[in-house]
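Only one structure is covered here, and it is reproduced in the block below.
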């Protein structure tokens with residue numbers, strides 16, 4: 001295992017310390033793996049999180065216009081209910097808290113338990129579950145579709161609604177509209193290695209790629225021969241298209257997400273083809289985001305997320321945000 | 001060679017097309033590998049560039065507050081003088097053009113030739129050469145120190161001076177002050193593969209790292225055993241400290257740059273130690289940037305750049321910028 005780390009046991013702790021050291025607008029709640037804004041807002045608060053290993057998610061999205069708190073579990077492991085509860089308690093201003101959960105069984109159980117505990121304390125808590133990955137309708141870790149990179153659009157758009165002073169019910173409804181409108185799918189050139197295991201999560205031959213990969217080192221739906229980037233984009237796009245209910249003339253936002261070890265040059269090469277496909281279907285691309293937004297340690301590969309926009313979602317996507325990993 | 005690409009021959013062309021498709025504020029000069037701002041400024045213009053394979057450099061820094069033009073050569077190959085000349089011609093508003101060159105023999109030759117051709121046409125052209133890499137005092141590709149990730153600070157700070165309407169001589173002097181004040185050094189866990197070669201540029205054993213790596217797949221100064229991230233940071237920092245002329249109380253900006261395949265979690269783990277070292281020397285860290293700024297294809301590893309700030313450099317670093325890869 002060739003990684004930049006100190007000890008496996010301190011991996012998450014060390015990275016959170018490094019993150020807080022880098023970004024003065026972040027504060028870590030002492031004794032937890034929770035990052036919150038240094039300056040608490042007087043508005044509906046958003047909390048997200050999940051296992052570590054997806055950096056910049058989720059701490060990188062804490063800040064003005066996006067999240068108020070991010071809870072980091074161990075690598076690829078759901079955060080515990082007590083940590084999630086600590087986040088909820090820290091960010092609530094009395095206006096209520098929306099939990100943005102990716103659809104994994106462990107995450108849902110623990111976030112729901114924390115929500116119950118917070119409700120018992122009189123905090124108003126609502127939740128949404130992101131299930132944007134069209135690759136599988138169930139996996140080792142999920143009932144239903146998994147939540148992957150499209151989650152970042154939920155953070156951005158629901159975050160903008162909360163920042164604008166919308167009440168909890170409205171922020172939740174907007175988050176649900178984003179979830180209904182965003183569809184994603186990924187592929188991998190190479191697996192990743194969870195530090196505690198020390199071994200790659202699966203094996204791929206030099207001429208093989210994994211289609212429908214998730215973000216936890218789990219294998220995808222099937223393997224295919226390595227081929228031209230454009231053909232790989234075609235495959236992912238066709239799966240997304242089949243699920244997304246898009247129609248000629250729709251306005252969309254696009255996110256090309258590197259999984260951790262993919263150079264930006266390759267993401268841009270993929271985007272070239274993706275744009276051609278979108279144009280051929282007469283979709284109006286409002287904005288394209290290319291980079292690392294929701295990673296899977298040092299996995300090589302990428303995912304495509306396509307979000308159908310209406311006027312309100314477009315306005316909220318374009319609204320100002322100032323976080324370590326997203327500025328607009 | 002496992003990469004997301006179409007054909008080796010179209011690698012740069014495809015990535016530039018994908019970049020322009022993603023970022024509507026970029027325009028490609030037809031028939032060239034030059035990216036310029038869609039809206040031309042009425043001010044001193046900055047042009048940078050070099051081989052491709054360093055994405056987001058350099059096209060990702062074209063935009064308000066930073067570069068006006070970026071010239072992309074083939075992968076790890078200096079751009080040709082005619083392309084550089086096309087960039088200079090496109091961005092000059094009459095106020096003159098500053099060329100920001102990284103110190104590689106090929107780049108300097110070609111940028112200087114383009115500058116002479118532009119001067120002959122009556123365009124006022126000045127140049128600065130960035131040589132921030134303290135690892136080597138000469139290499140296969142350079143006389144003197146190489147230019148690496150610290151170059152991005154030159155783009156940002158000189159770009160802000162130009163945006164503020166400073167004349168060419170002042171913008172150049174500010175760029176030179178940044179160059180004098182920035183020192184960098186990198187390491188690699190794994191090599192990278194130039195598409196046209198198809199083979200890794202060097203070999204490293206599973207328990208070896210390369211210290212003093214450049215950004216063109218060239219080997220570094222020497223190999224060491226893989227060890228804790230903090231100890232690796234110690235090594236790089238000591239080399240930088242020995243060259244940087246820093247003193248207790250100095251204000252600095254820090255850039256932790258991933259070389260292409262390093263997950264952000266590992267960069268943050270490195271930043272944790274770096275901050276402890278800076279604090280121990282009583283340096284005042286004004287800002288820390290963590291991410292991929294100047295990459296070397298899919299090389300795993302990172303570099304540290306430390307910039308000593310004075311009041312003016314600090315103000316210009318903090319000034320607004322809006323480019324694909326840097327927003328402030």
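The values are calculated or read from the model by the stated rules, or taken from the named source; none is laboratory data. This is a predicted model, so every value here is computed, not measured. Note that we place each Cβ from the backbone using ideal geometry, even for glycine, and neighbour counts take in every protein chain shown.
Structural remarks
- Check on residue B:282, on the phi > 0 side of the Ramachandran plot and outside any strand (DSSP E or B): yes
- Qualifying residue in the stretch A:48-56 (condition: crowded, with 24+ Cβ neighbours inside 10 Å, assigned to a strand (DSSP E or B) and at the interface with chain B (Cβ under 9 Å from one of its Cβ atoms)): yes
- Sub-8 Å Cβ pairs linking a first residue in the stretch A:167-180 that is without any contact (Cβ under 8 Å) to a residue 12 or more places away in the chain to a second residue that is crowded, with 23+ Cβ neighbours inside 10 Å and part of a helix (DSSP H, G or I), at least 6 apart or interchain, are A:170/A:161, ordered by first then second residue.
- Answer from A:149, A:162 - the residue that is part of a helix (DSSP H, G or I) and assigned by TED's automatic domain parsing to the domain that holds residue A:29: A:162
- With respect to the stated conditions, residue B:290 fails to be modelled with pLDDT of 95 or more, more than 26 Å from residue B:201 (Cβ to Cβ), within 13 Å of chain A (Cβ to nearest Cβ) and within 15 Å of the chain's Cα centre (by Cα).
Results for (1) in contact (Cβ under 8 Å) with a residue 12 or more places away in the chain; (2) crowded, with 22+ Cβ neighbours inside 10 Å; (3) more than 7 Å from chain B (Cβ to nearest Cβ), shown as yes or no for each residue.
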residue: A:250; (1), (2), (3): yes, no, yes
residue: A:254; (1), (2), (3): yes, no, yes
residue: A:257; (1), (2), (3): yes, yes, yes
residue: A:268; (1), (2), (3): yes, yes, no
residue: A:271; (1), (2), (3): yes, yes, no
residue: A:274; (1), (2), (3): yes, yes, yes
residue: A:279; (1), (2), (3): no, no, yes
residue: A:282; (1), (2), (3): yes, no, yes
residue: A:286; (1), (2), (3): yes, no, yes
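- The single condition among (1) more than 21 Å from the chain's Cα centre (by Cα); (2) surrounded by fewer than 18 Cβ atoms within 10 Å (Cβ to Cβ); (3) over 30 Å from residue B:44 (Cα atoms) that residue B:137 does not satisfy is (1).
- Restricting the stretch A:10-24 to residues that are under 14 Å from residue B:229 (Cβ atoms) and more than 8 Å from chain B (Cβ to nearest Cβ), the residue that is surrounded by the most Cβ atoms within 10 Å (Cβ to Cβ) is A:12.
- Residue satisfying all of: in the stretch A:140-167; modelled with pLDDT of 95 or more and more than 16 Å from the chain's Cα centre (by Cα); surrounded by the most Cβ atoms within 10 Å (Cβ to Cβ) among these: A:162
- Residue in the stretch A:37-45 that is in contact (Cβ under 8 Å) with a residue 60 or more places away in the chain and assigned to a strand (DSSP E or B) present: yes
- Candidates A:313, A:307, A:297 - the one that is touching a strand residue (DSSP E or B) at 6+ places or on another chain (Cβ under 8 Å), within 8 Å of chain B (Cβ to nearest Cβ) and either within 28 Å of residue A:216 (Cβ to Cβ) or in a helix (DSSP H, G or I) (or both): A:297
Residue by residue, here is whether (1) touching a residue at least 40 places away in the same chain (Cβ under 8 Å); (2) closer than 21 Å to residue B:195 by Cα; (3) assigned by TED's automatic domain parsing to the domain that holds residue B:175; (4) assigned to a helix (DSSP H, G or I) holds:
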{"residue": "B:73", "(1), (2), (3), (4)": "yes, yes, yes, no"}
{"residue": "B:83", "(1), (2), (3), (4)": "yes, no, yes, yes"}
{"residue": "B:89", "(1), (2), (3), (4)": "no, no, yes, yes"}
{"residue": "B:107", "(1), (2), (3), (4)": "yes, yes, yes, yes"}
{"residue": "B:128", "(1), (2), (3), (4)": "yes, no, yes, no"}
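- Filtered by the rule that a residue be touching a helix residue (DSSP H, G or I) at 6+ places or on another chain (Cβ under 8 Å) and under 28 Å from residue A:299 (Cβ atoms), the stretch B:230-256 gives B:230, B:232, B:233, B:254, B:255, B:256.
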